[in-house]
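Below is one structure, written out as structure tokens; the observations come after it.
Read-outs throughout are calculated quantities, based only on the coordinates presented, and are distinct from any laboratory measurement. What you are looking at is a predicted structure, and each value in this text was computed from that prediction instead of being measured. Because the Cβ atoms are built from the backbone with ideal geometry, glycine has one as well, and the counts that use them run over all protein chains shown.
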Amino acid sequence: MQSYLSLAKADFGLLAISFFPFPDWKKRCCWIIIKEKKESIMLIAYESKKSIEELRKALEANAIEKNFGVMAVHDISKTLENKGFALHYPCLILEICSPRFAQQVLEQNPEVSTALPCRIALYEYKSHRIVATLSPRKTIELFKAPGLHKVAEEVENILKEIMQKSV
């Protein structure tokens, strides 16, 4: 069965991305996007016309400008290819971290270390270049740490700024 990629800009400036392996995907696509708007989504994503390399450089520069260090850049496509598994599109993961925010959340709950550092994915799929990350607000909910919601919201807002400025 063929998968369909749906890209639809939501009212709040985000891009909802879903794969639909069924023939009536357009009807279900609209329903899912409306549902996601109401419930708020876990994925924060933006589409760009820039090349993957331009996006990488912009993300690194904008992260540093916001006091987030670039800890690593993983070229997932090359790593998989080197292991004998070809990925037919470019896919990079940037790991970025703010020592200030990391210290705040780790002091309150060391389990949050499993979700650090922040990761931003860059990939090109079916001629769409996407920059995406998981919502820190939604991620922090997994840890049942109510005292961390304000920090997660602040981090999410900064990540959105970094990504929006980069695309």
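Across all Cα atoms of region 45-166, the radius of gyration (one decimal) and Dmax (whole number) stand at 15.1, 45 Å. Here the gap between LEU80 and THR114, fully extended at 0.36 nm per residue and compared with their Cα-Cα distance, gives a gain of 9.9 nm. Applying a threshold of 30 Å to the alpha-carbon distances of LYS57/LYS83; LYS83/LYS165; LYS50/LYS150; LYS138/LYS165; LYS126/LYS165; LYS83/LYS150 flags LYS83/LYS165; LYS50/LYS150; LYS83/LYS150 as lying beyond it. Summary of packing: across the peptides 127-134, 72-79, the per-residue average of other C-beta atoms within 10 Å ranks them, highest first, as 127-134, 72-79. Distance from the alpha carbon centroid of region 106-164 to that of region 71-94 works out to 21 angstrom.
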